[in-house]
Amino acid sequence: MVAAIWGVVALGGLLAWYAADLPDLEEALQPTRRPAITVLASDGTLLATLGDFYGRPLAVHDLPPDLPHAVLAVEDRRFYNHFGLDPFGLVRALFVNLRAGSVVQGGSTITQQAAKNLFLSHERTIKRKVQELLLALWLERRFSKDQILAMYLNRVYLGSGTYGVDAAARKYFGRSATQVNTYQAAMLAGMLKAPSRLNPLSDPRQAQERAREVLEIMVDAGF
């Protein structure tokens, strides 16, 4: 019992130490965009973009249902049923990775990924992971599920300098994310696994194969 008490005290101290070094949350929530250049032909055709490319921030209800469904199917099926952390998802990912002999599936929830994209760097350290968990719990307490999902969809990197589903839809399909069809939604969700490699500008064949995989996963998930 004494050992357990001291263990709890030590864990509390460790969490407090990591929490004291968290970034300014209010500042990090504000949209930040670095300058970018879009080059158009005289008829308005897009020739090139330089720098980061952002689209319009969209709410979940602005999007066709297939787009959030595709993302939930491949990233976090239990998103609307967990509290920011998903113990079942962690166990499932551990089992899949052990069976495969390598890391083929992550256990992070969309809330955790949103916390990382909004507030933290992508370095792989214990400190960053603990802070990610703390921030995920904070996000779940402060925002609704739809708001958290929208934050993720509007900030996630999707290759070729695009951030957010609207920017990616405009870059790859020439339309807003509010107008994508089921296949395009599956392709966007498929890019999340490896955005620089699975986008249709880098490798159209792999992007198409991944989109078909996502469609199958959506069927399996009931979407």
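The values are calculated or read from the model by the stated rules, or taken from the named source; none is laboratory data. Quantities reported herein were computed from a predicted structural model and do not represent experimental measurements. Every residue, glycine among them, receives a Cβ derived from its backbone with ideal geometry; neighbour counts consider all protein chains shown.
Worth a mention:
- Residue list for segment 62-87, restricted to those being touching a residue at least 60 places away in the same chain (Cβ under 8 Å) and closer than 14 Å to residue 148 by Cβ: 68, 71, 72, 75, 79, 80
- Some residue of segment 174-197 being over 21 Å from residue 77 (Cα atoms), free of Cβ contacts under 8 Å to residues at least 24 places away in the same chain, not acidic (Asp, Glu) and not in a loop (DSSP other than H, G, I, E, B): no
- Residue that is nearest to residue 47 (Cα to Cα), among those in segment 198-223 that are in contact with a helix residue (DSSP H, G or I) (Cβ under 8 Å, 6 or more places away or on another chain) and in a loop (DSSP other than H, G, I, E, B): 201
- Criterion violated by residue 102 - all others in (1) at pLDDT below 75; (2) surrounded by 10 or more Cβ atoms within 10 Å (Cβ to Cβ); (3) of a type in the set (Gly, Ala, Ser); (4) assigned to a loop (DSSP other than H, G, I, E, B) satisfied: (2)
- Helices (runs of 4 or more DSSP H) contained entirely in segment 1-78, each with at least 1 residues that are closer than 23 Å to residue 187 by Cβ and modelled with pLDDT of 80 or more: 66-75
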